[in-house]
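The values are calculated or read from the model by the stated rules, or taken from the named source; none is laboratory data. Predicted, not measured: the structure shown is a model, and the values here were computed from it. Virtual Cβ from ideal backbone geometry, glycine too; neighbours counted across all protein chains shown.
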Amino acid sequence: GYLPSIIKPSINSKGVNVDTPTPGKSVSEGGENFSGSMDDTYFICVFRKDADYWKGVYKGFKAAGDQIGVRTIFEGCEEYDANAQLRLFEQIVAKKPKGIALHPISAEVFKEPINRAVEAGIKVVCFAADSPGSKRSTIITSDNVKEAIAAADFIAKELGGSGEIGIIERPSQSNHIIRVNYFIDRLTERYLEIKVVARGAADGDESKAAKIALDMISDHPDLSFIYCVAGIEGRGAGSGVKESGKPVKVFCYDADPPVIDMLKDDTIFAVIQPNAVNQGYWSLLSLYVEANGLVNPVSDWKQSGKSPLPALIDNGFDFVTKKNGDYFYVYDSED
């Protein structure tokens, strides 16, 4: 059989193995280390820049940037519009940053723009929502399949195995599509007495979500729960339920401060919170590590055109209720 050759270590005159990396020094291909420059800029690019969810993401992104010593900038467009976000992304690319963390409205719309940015030497990662057909390096997100299954089990337990549910969704976003499809699949497979009786798309519009909720309650007098794909939709549904005066419970994602306030006054029943701070933190670190050649997997990644980063970085998620909501407040301050 074949036996590998034994490589003897290089020993200097003091008897020290000089092949062993010195503690505290990088062993990266480029010889770089975790010491950045304020001349290097990393951007976050989002839509609806006023959405509270981004506060947690940027808190983590900036914390990582401050620790390493690089410049971080948050950019977002005013509206929920793919073309507006695309224009913003291209403006950022024109500034030639070291890296961009992108939350794309549409996977397909951003595919080629991401590819062009990468080909221009700019590192791009996606977070929360993805453009998997692009050349982005990785996706930092919570496991949307696990979230959806956990949400279905949680609601089914609360309903005692039977009841009617409405869904308020945002069908253009990849992560939200998963949250809806796997939620419905879980109910169909496990909970035959629970029915999804209504669906409506609010597309990130709180007022629209409130109207959808009111219509669902009016059209379905036995409605027990409204399942919402995001915090904006959850806040709108909560307002609609409150206006109706009916005992319908709202479940949503994203424990933004206004959502937690609604948890505490019983307007919203429960929330799944992807760890937004982790999401931002690992987005910056992923960009920095790749941009500075700090990771060199023992594989054919270069020859095959793969990213050296993990294919997916899971930032985790938690259930948030009235009982533990105080632990999840994220503000603009760094306190």
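Residue-wise test of (1) among the polar types (S, T, N, Q); (2) touching a strand residue (DSSP E or B) at 6+ places or on another chain (Cβ under 8 Å); (3) over 17 Å from Phe34 (Cα atoms).
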position: Val277; (1), (2), (3): no, no, yes
position: Leu287; (1), (2), (3): no, yes, no
position: Asn292; (1), (2), (3): yes, no, no
position: Ser299; (1), (2), (3): yes, no, yes
position: Asp314; (1), (2), (3): no, yes, yes
position: Val320; (1), (2), (3): no, yes, yes
Next item on the list: Can you work out which of the residues in the stretch 140-174 that are surrounded by fewer than 22 Cβ atoms within 10 Å (Cβ to Cβ) and polar (S, T, N, Q) is nearest to Val196 (Cα to Cα)?
Entry: Ser162
Margin query: Against the conditions (1) part of a strand (DSSP E or B); (2) of a type outside the set (A, V, I, L, M, F, W, C); (3) buried (at least 23 other Cβ atoms within 10 Å of the Cβ); (4) without any contact (Cβ under 8 Å) to a residue 60 or more places away in the chain, where does Lys195 fall short? Just the number, please.
Written below: (3)
Check: Of the residues Pro221, Pro132, which single one is part of a loop (DSSP other than H, G, I, E, B), of a type outside the set (Gly, Ala, Ser) and modelled with pLDDT under 95?
Finding: Pro132
Next item on the list: For Arg179, indicate whether it is under 14 Å from the mean Cα position of the chain (by Cα) and either surrounded by fewer than 24 Cβ atoms within 10 Å (Cβ to Cβ) or part of a helix (DSSP H, G or I) (or both).
Entry: yes
Notebook entry, point to check: So which helices (runs of 4 or more DSSP H) are wholly in the stretch 249-335 and hold at least 2 residues that are surrounded by fewer than 16 Cβ atoms within 10 Å (Cβ to Cβ) and not assigned by TED's automatic domain parsing to the domain that holds Lys123?
Noted result: 257-264
Check: If the Cβ limit is 8 Å and pairs must be 6+ apart or interchain, which residue in the stretch 64-88 that is among the aromatic types (Phe, Trp, Tyr) pairs with which residue that is part of a loop (DSSP other than H, G, I, E, B)?
Finding: Phe74/Lys49; Tyr80/Phe47; Tyr80/Arg48; Tyr80/Ile105; Tyr80/Asp203; Tyr80/Gly204; Tyr80/Asp205
Next item on the list: Find the residue count for the stretch 106-132, including only residues that are within 20 Å of Val277 (Cα to Cα) and under 14 Å from the mean Cα position of the chain (by Cα).
Entry: 6
Notebook entry, point to check: Pro258 is checked against (1) modelled with pLDDT of 95 or more; (2) touching a Lys or Arg at 6+ places or on another chain (Cβ under 7 Å) and fails just one. What number does that condition carry?
Noted result: (1)
Next item on the list: Scan the stretch 109-133 residue by residue and report those that are buried (at least 20 other Cβ atoms within 10 Å of the Cβ) and of a type in the set (Asp, Glu).
Entry: Asp130
Notebook entry, point to check: Name the residues in the stretch 89-108 that are surrounded by fewer than 21 Cβ atoms within 10 Å (Cβ to Cβ), touching a residue at least 40 places away in the same chain (Cβ under 8 Å) and in a helix (DSSP H, G or I), would you?
Noted result: Ile92, Ala107
Next item on the list: Only residues in the stretch 299-322 that are over 16 Å from Leu287 (Cα atoms) count as the first member; pair them with residues that are surrounded by 17 or more Cβ atoms within 10 Å (Cβ to Cβ) and acidic (Asp, Glu), Cβ under 7 angstrom, at least 6 apart or cross-chain, and list the lot.
Entry: Phe317/Glu147
Next item on the list: Among the residues of the stretch 122-150, write down those that are among the hydroxyl-bearing types (Ser, Thr, Tyr) and within 21 Å of Ala291 (Cα to Cα).
Entry: Ser131, Ser134, Ser137, Thr138, Thr141
Next item on the list: Only residues in the stretch 112-135 that are over 17 Å from Lys306 (Cβ atoms) and not assigned by TED's automatic domain parsing to the domain that holds Val93 count as the first member; pair them with residues that are not β-branched (Val, Ile, Thr) and not in a loop (DSSP other than H, G, I, E, B), Cβ under 6 angstrom, at least 6 apart or cross-chain, and list the lot.
Entry: none
Notebook entry, point to check: How many residues does the stretch 187-200 hold that are farther than 14 Å from Phe225 by Cβ and among the basic types (Lys, Arg)?
Noted result: 1
Item checked: Residue that is touching a Cys at 6+ places or on another chain (Cβ under 6 Å), in contact (Cβ under 8 Å) with a residue 40 or more places away in the chain and within 17 Å of Ile268 (Cβ to Cβ), where the choices are Ala209, Ala237 -> Ala237
Margin query: Can you confirm whether Ala84 is in contact with a Cys (Cβ under 8 Å, 6 or more places away or on another chain) and of a type in the set (Gly, Ala, Ser)?
Written below: yes
